[in-house]
Amino acid sequence: MTKKNSTPAKIFTIGFTKKSAENFFEILALYKITELIDVRLYNNTQLAGFAKANDLKFFLNRIARIEYRHDLQFTPTKELFKNYQDKLITWEDYVAEFEKIMQARRIVPHILTNYSDSPEVRYCLLCTEVSAANCHRRLVAEKFAEVFGMEIVHL
């Protein structure tokens, strides 16, 4: 069920924490991102600063003509998020549970139906974490890579 393009596209990921708004938008523009996919469970908290959903959607469009999409299919459950945040489970446990969630949500057909492997479309997955190493955005990016044969680039 994997679809591959002859010229592999890229899937980018970024975390907004420890980035100024200026730096964040410069990075997205530099990599010619065309659509930002918000994979955060909570995208409207006060802690999000410039990355609150409505503000972010406005800034992305106004500053860089980037489309914004919040896709809840790519978010962890509240329970999984809280258990990891409260250190009740390890990262390895989180990964195993999130994989089960993606499978139950039929993520591969979701990606095939709602996203493209066109090299002209440059998706960037947004989450909070500075590094993608222990962030579910990396796991989602790996699904895109699996489905479309995309190269993963963490910004």
**Message:** Quick check on segment 94-107: of everything there that is of a type in the set (A, V, I, L, M, F, W, C) and surrounded by 11 or more Cβ atoms within 10 Å (Cβ to Cβ), which residue is nearest to Ala29 (Cα to Cα)?
**Reply:** Ile107
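Residue-by-condition table, conditions (1) open to solvent by 70 Å² or more (accessible area, probe 1.4 Å); (2) touching a residue at least 60 places away in the same chain (Cβ under 8 Å); (3) part of a helix (DSSP H, G or I); (4) of a type outside the set (A, V, I, L, M, F, W, C):
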site: Tyr68; (1), (2), (3), (4): no, no, no, yes
site: Pro76; (1), (2), (3), (4): no, yes, no, yes
site: Lys87; (1), (2), (3), (4): yes, no, no, yes
site: Glu92; (1), (2), (3), (4): yes, no, yes, yes
site: Pro109; (1), (2), (3), (4): no, yes, yes, yes
site: Pro119; (1), (2), (3), (4): no, yes, no, yes
site: Val140; (1), (2), (3), (4): no, yes, yes, no
site: Val153; (1), (2), (3), (4): no, yes, no, no
**Request:** Return the residue satisfying two criteria in turn: it lies in segment 121-138 and is touching a Lys or Arg at 6+ places or on another chain (Cβ under 8 Å) and open to solvent by 40 Å² or more (accessible area, probe 1.4 Å), and of such residues it is nearest to Pro8 (Cα to Cα).
**Result:** Arg122
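The values are calculated or read from the model by the stated rules, or taken from the named source; none is laboratory data. Model, not experiment: these values are computed from the prediction. In this analysis, Cβ positions are derived from the backbone assuming ideal geometry, glycine residues included, and neighbour counts consider all displayed protein chains. The protein model used for the area step is the full one, side chains on, heavy atoms only, and it has no ligands, DNA or RNA in it. Shrake-Rupley method; radii C 1.70, N 1.55, O 1.52, S 1.80 Å.
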